[in-house]
Each structure stands twice: as C-alpha cells, then as structure tokens.
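Worksheet for the structure shown next.
The values are calculated or read from the model by the stated rules, or taken from the named source; none is laboratory data. In this text, all values refer to a predicted model and were calculated from it rather than measured experimentally. Glycine gets a Cβ as well: all are built from the backbone with ideal geometry, and neighbour counts include every protein chain shown.
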C-alpha cells in the first residue's frame with residue numbers, strides 16, 4: 001500500500017476543510033482529524049476549534065492553496081477554450097441544423113450574450129493596448 005499523505009483537503013465550494021491524517025491508532029483505522037478551514041478566495045485559514053496550527057500545518061496549507069489556485073486558474077482557461085468550441089458548434093448548428101422555431105428560442109439570448117462579451121473583450125483589449133503605450 002502506498003504511504004498516506006500527512007494531510008487531506010476536503011474541497012468545498014470556496015476552499016477546503018483540512019484534516020491531519022492519523023494512520024496509526026489503536027483501532028488500526030485511518031482517522032482524519034479536522035485542523036482548519038481554508039477560504040481559497042481570500043486565503044483565510046481558520047484553525048478548527050481551539051487548535052493551534054503548527055508550522056508544518058501552515059506550510060502544507062499554504063502549499064495546497066498555491067496549487068489549488070493554479071489548478072482553478074487552469075480550469076478557468078480550459079472552460080473558456082471549451083466555450084469557444086461551443087460557440088463554433090453553435091454556429092454550425094444554427095447554419096446547418098436549426099429550425100426556425102429553435103432559432104427563435106435562442107437567437108435573442110445568444111445575440112445579447114455575444115454582444116456583452118464583445119464589448120467586454122474590446123474594452124479590455126483597449127485597456128491593454130493603452131497600457132503598452
């Protein structure tokens with residue numbers, strides 16, 4: 001069996017509950033001892049109960065936060081690239097497969113969403129070009 005990690009992070013919507021893994025107890029069970037809660041958005045770490053976090057705990061949590069933020073950022077980019085694919089598939093669908101009734105259902109919502117996205121992208125590109133000068 002592979003060696004267990006010292007810490008386990010139970011991912012939640014805005015972060016994680018942090019557990020210390022205790023593989024060696026009398027019952028020969030693996031115990032997860034909750035030691036902290038992490039908010040990934042603001043980086044707050046709150047010790048569980050009246051527990052004091054050790055330097056090793058704090059280092060493990062800081063490492064997890066950095067890795068998790070990088071993982072979420074990569075997922076965001078992947079999601080956007082998938083959205084580009086979906087826009088292309090939607091264009092193909094609208095051009096070759098969609099009925100007039102189906103287009104009536106989606107056209108206004110798509111046009112508004114694309115218009116909003118276009119405005120944001122143009123503004124942000126202009127900002128970046130203005131900063132380059």
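Taking the options 90, 107, 59, name whichever one is under 30 Å from residue 21 (Cβ atoms) and assigned to a helix (DSSP H, G or I).
Details: 90 fails: under 30 Å from residue 21 (Cβ atoms); 107 fails: under 30 Å from residue 21 (Cβ atoms).
From the options 90, 107, 59, the qualifying one is 59.
Is it the case that some residue within region 75-98 is under 30 Å from residue 34 (Cα atoms) and out of contact with any strand residue (DSSP E or B) (no Cβ under 7 Å at 6 or more places or on another chain)?
Within region 75-98, one or more residues are under 30 Å from residue 34 (Cα atoms) and out of contact with any strand residue (DSSP E or B) (no Cβ under 7 Å at 6 or more places or on another chain).
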- Query: Which members of region 43-61 meet the condition of being more than 20 Å from the chain's Cα centre (by Cα) and more than 13 Å from residue 7 (Cα to Cα)?
  - Reply: 46, 47, 48, 49, 50, 51, 52, 55
- Is one or more of the residues making up region 71-79 surrounded by 10 or more Cβ atoms within 10 Å (Cβ to Cβ), in contact (Cβ under 8 Å) with a residue 12 or more places away in the chain, under 20 Å from the mean Cα position of the chain (by Cα) and under 30 Å from residue 7 (Cβ atoms)? yes
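In this structure, does residue 36 turn out to be surrounded by 11 or more Cβ atoms within 10 Å (Cβ to Cβ), modelled with pLDDT of 95 or more and in the same structural domain as residue 114 (by TED's automatic domain parsing)? Working first, answer last.
Working: surrounded by 11 or more Cβ atoms within 10 Å (Cβ to Cβ): yes; modelled with pLDDT of 95 or more: yes; in the same structural domain as residue 114 (by TED's automatic domain parsing): no.
No: the conditions fail for residue 36.
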- Task: Answer yes if at least one residue in region 119-132 is assigned to a helix (DSSP H, G or I), modelled with pLDDT of 95 or more and touching a helix residue (DSSP H, G or I) at 6+ places or on another chain (Cβ under 7 Å), and no otherwise.
- Result: no
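Within region 1-50, which strands (runs of 3 or more DSSP E) (wholly inside it) include 2 or more residues that are under 13 Å from residue 64 (Cβ atoms)?
Details: elements: 7-12, 15-22, 31-39, 45-47.
It comes to 7-12, 15-22, 31-39.
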- Message: Test of understanding: among 26, 10, 109, 82, which residue is modelled with pLDDT under 95 and exposed (fewer than 14 other Cβ atoms within 10 Å of the Cβ)?
- Response: 26
